[in-house]
Each structure stands twice: as C-alpha cells, then as structure tokens.
Amino acid sequence: MSGLKTAGPIQFHFAVLLSLFLLFSCAKGKDDTEGEDRSIPAVESIVPDNAATGFSTTGSITITFSKPIDKQTFTTDSDGQCSKNVQVSTDSFNTCLKLESTPDVPSKVWTLKPDTYNNKFPSGTTISIKIKKEIKDGYGTAMEADKSSTFTTEAHCSTSSDCSWSQVTTVGDLTGRSGHSGLVFDKKMWVFGGYDSNTDYYQDVMSSPDTSSSTKGNWDNLTTTLVWTKRNEHISLSFKNKMWVIGGKNASTSLADIWSSSDGLIWDNVTLTGTPPSARSGHAGVIYNGKMWVFGGQSGSGWVNDVYSSSDGAEWTKETDAGWSKRSGHAAVVYDNKIWVMGGNDNTSDLQDVWTYDGSSWTQQTSPSVTWSGMKDHEAQVFDGKIWILGGNDNGSRIKKYFSFNGTSWSQASIPDWSQRSSMVSYEFDNYLWVVGGDNGTSGSTHMNDVWKYGKP
C-alpha cells in the first residue's frame, strides 16, 4: 500500500467545500423549480354567476383566474366585432360590447365595464360572456377550453309606473326636420340631414352628449357644408368604429353613394366593389352577424325587396331577395339574434306584417297576430328587453301611439306625451329611449325639433 497517497488537509477541505457547493446548488435549483407555478390557468369564477337575473346596469363583471393572466392576452373588443379573447355580447356574439378592463398589469382578478356613456349595461337584456382559451399566463401557458356565462340585467320599465316620457329642453343648433337619420357613436347621439319644407333638404351633422342627468339637450352643428349631397330618407349605421351614411334622395333623385367618418367632420366617399345597393330611399339597415345589411326601399325601378350585405362597407354582396313584399318606409331592428322587419308601404297600402331573418331564411311572424294597423315611416328600437314601435304614418294620419313586443306578443302601451309624428329618429342611449324631430302631418307639414326621452325619472 505504500504506492497510495492520502489527501492532504488542503485537498480534503477543498473537496468538502466543492461537495457542499454542488449540494447547495442542486438543492437551490430544485427549490426554484418547485416555486414556479406551471399549472394551467383556469377561470375560477365569473360575477355575476351564470343564469343570474336582475344584475344592475351600473354594475361590473368580475373574472377571477387561478393565477395571474398576461395583459397581452386579456384583450377586449374595441370595434364590436367579437374578435378578441374576452367577449361580452347581447346578441349571441353577432356583435360585442366595447369594453373597458382593469387593471393594466398581470392579475388574477379582472374587472369589465362597457365602454358606453356612463359605462352602463343595457337594461332588461340577456348578456353573454365568452373567455377564449387563448388567454395565457406569464409563461405562455393557455387555458384548456373556452369559458362562458350568461346573465340578465334589471328591467327599468317592468310596469307602466316605473318609467315615463319627458321633454328635454334643447339648446344649440338643432332645427326642425323629418326624414333625417341618426345613430349613437362615440358616446353621443347624432343626426344627419333631413328635410324641412321651409328650408329645403339639409346637409348637416349634429351631435349631442346629453343624457338623463342633463336639464338641457345641447346640440352642436359640426358643419353645414358636407361633401355629401343634401338628402333625406337615408339610413345611417355605426360599424367598425365609423359612422356610415347610405343612400337617400334629394327631391326626386335617388342616391346610391355611401360615406363614412370617424369624427363627423371628415367624410370619405367609399369606393364600392362587388354588388352594392342601387340608388334608393326609404330603405332600412342593421348590423348583424358582423356585417352591414341594407334592404328594401324605393329606387328608380320602383319599390324593392332586395337585400345586400357588407363586412367592410366597401365590398358588397347581393343576397337572396327577402320573402316579404316590396316596400319602403319600413323599420328594422336586431332582436333575439334575428333581424326583424316591420310594416312599410308597397305603393298601394300601408303594411302591418312582421318578418324575421335568422341568417338563412325569412319567416313571417303570424302567431300571435299583429294588433297594430298598417303603417310606414315609423321608428323601431330595442329598449329594456323589448321591441318598440314609435310614431309612423297610418294611412295619412301620423299616429302617436306605440307598441312593445316581449318576444311572444304585441301590446299597446300608453300614449306618450309627444305629439303625433312620422319620419323622426329614435335612439337607445344611456338606458333611455329617445325621439327627435319628425313631421306632424299638419297643414304646411310642420317639421319639429323637439327631443323626448323615456325611462326612469
């Protein structure tokens, strides 16, 4: 054994230290790995709960995850197109609410409110939430499946005593008119064009941000010298973060142009491709299934029942003609995941039929039977979970009675305080139903500039 050497004190101590270092390093690495949360993220809760009812319109949605979620993947819709990872919809995800989300950093708990005036949800409405599996944590680990929930907001006008009509005292530049169009955009109500027998056709754009808390309705005239032609009996739609004005007429000349704007001041004459709608007035239009839809009206060839759609406002497709008869002056809304078309005039008589479109075919609603008489140039809105028909021309008489639809039957509501009229505009805005202007059908065709709202006092 004389050939073997034993380690000296220095070598021994070095070996011991090296072993301890390696042991410590391995232990530390093991502890670090064990400290990392590599679990698959999941939704722990959604408030309000699934199937909840009576949710406050001023409330907020709270989503809690099992671990912090990366802000880059917690994306919400800004254009209503249901293209983001967190979607909130009132129409089975044909369109989605614009949302505000907090916080802006990775978090387990996220809060959502609609990006509307006063950040309110629509009243009396079923709302669906979809959280896509593309949601990821900070390590890029995604959820295993989509998560969804549905709840219903409180109805503001469940009884006749809950809500009432009141006139808004207006200030500003809003002048009397009929045949104008209107929409809600950028947390404001807008009015475009129209007609006054004492003034001629209008070529202006007006907006108002005033809501239920306002004592006065402030209307601002952005311009009276628009690039698009003076007109009435046109339609306007809010789509993909822009306002769109489509068709109409000036005197006896029908128009086929389409204009878009993101601010109401600068307007673009859209270059149309495919098969766009022909020149027409008295037509109707809605946003449905991520597209603009235009149907019916009066054109150079007479009354029509043709249907057109576009996913971008520029390229258009001619769909199969509607099952309903040719008409103009009809009203249309989207409700219960369908397009609804009501009334109008076929150049012979005022109509009282109701038709729905579910994305594939048109169906006449015959049961229960409609209780209102034939009418044209009326307005229709979805408000507080119901379809409302407002005003209109009933065989020469501007009716002021209106009706509501609860999905199964039509009911006559109480007579509002505003005078009879047709060819006005209406809005659902800040949980109020609004009526602006119109023609009261009196001698000299008085065109009005009054503003009324309906809802909780």
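Only the coordinates and a few stated rules stand behind these numbers; no lab work does. Bear in mind that the values here come from a model prediction, so they are computed numbers and not experimental data. Cβ placement follows ideal geometry from the backbone for every residue including glycine, while neighbour counts extend to all protein chains displayed.
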Segment A51-D162, extension gain: residue separation times 0.36 nm, minus the distance between their alpha carbons: 37.5 nm
Residues whose placed amide H lies under 5 Å from that of D146, excluding near-sequence neighbours: K133
Antiparallel DSSP beta bridges within the chain, as percent of all bridges there, nearest 5: 95 percent
Contact order normalised by residue count of region 43-153, Cα under 8 Å, 6+ apart, percent: 32 percent
Label zone at T442 (point 7 Å along Cα-to-Cβ), backbone N below 18 Å, region 414-432: 416-424
Under the Karplus curve 6.51 cos²θ - 1.76 cosθ + 1.60, θ = phi - 60°, whole-Hz ³J(HN,Hα) for region 332-341, x wherever Gly or Pro sits: 8, 9, 10, 8, 6, 6, 9, 8, 10, 10
Amide hydrogen neighbours beyond the local backbone of L174, cut-off 5 Å, H modeled: W219
Out-of-range pairs (alpha-carbon distance over 29 Å; input K120/K249; K98/K386; K188/K230; K147/K188): K120/K249; K147/K188
Under the Karplus curve 6.51 cos²θ - 1.76 cosθ + 1.60, θ = phi - 60°, whole-Hz ³J(HN,Hα) for region 198-207, x wherever Gly or Pro sits: 8, 10, 4, 6, 8, 9, 9, 10, 10, 9
Label-point separation, T62 to S367 (7 Å along Cα→Cβ), nm: 4.7 nm
Pair T253, D200: separation of 7 Å Cα→Cβ label points (nm): 1.2 nm
About the Cα centre, charge dipole magnitude for the chain (Lys/Arg +1, Asp/Glu -1 at Cβ), debye: 420 debye
Helical mean residue ellipticity (222 nm; -39500 (n - 2.57) per DSSP H run of 4+; nearest 500) of the chain: -2000 deg cm²/dmol
Nearest-ten-degree value, helix 9-35 long axis tilted from longest Cα axis of the chain: 20 degrees
Under 5 Å, built H, 5+ apart or other chain: amide partners of H330: N345, D377
Sorted by Cβ neighbour density within 10 Å, fewest at the top, the residues T73, T320: T320, T73
Residue-count net charge about T229 - beta-carbon cut-off 13 Å; Lys, Arg +1, Asp, Glu -1: -1
Cα convex hull volume per residue for region 164-455 (Å³): 119 Å³
J(HN,Hα) series, region 112-126, from Karplus relation 6.51 cos²θ - 1.76 cosθ + 1.60, nearest Hz, glycine and proline x: 10, 9, x, 8, 10, 4, 6, 6, 10, 7, x, 7, x, 10, 7
Projected-area average for region 188-275 over all orientations - Cα convex hull basis, square nanometres: 7.0 nm²
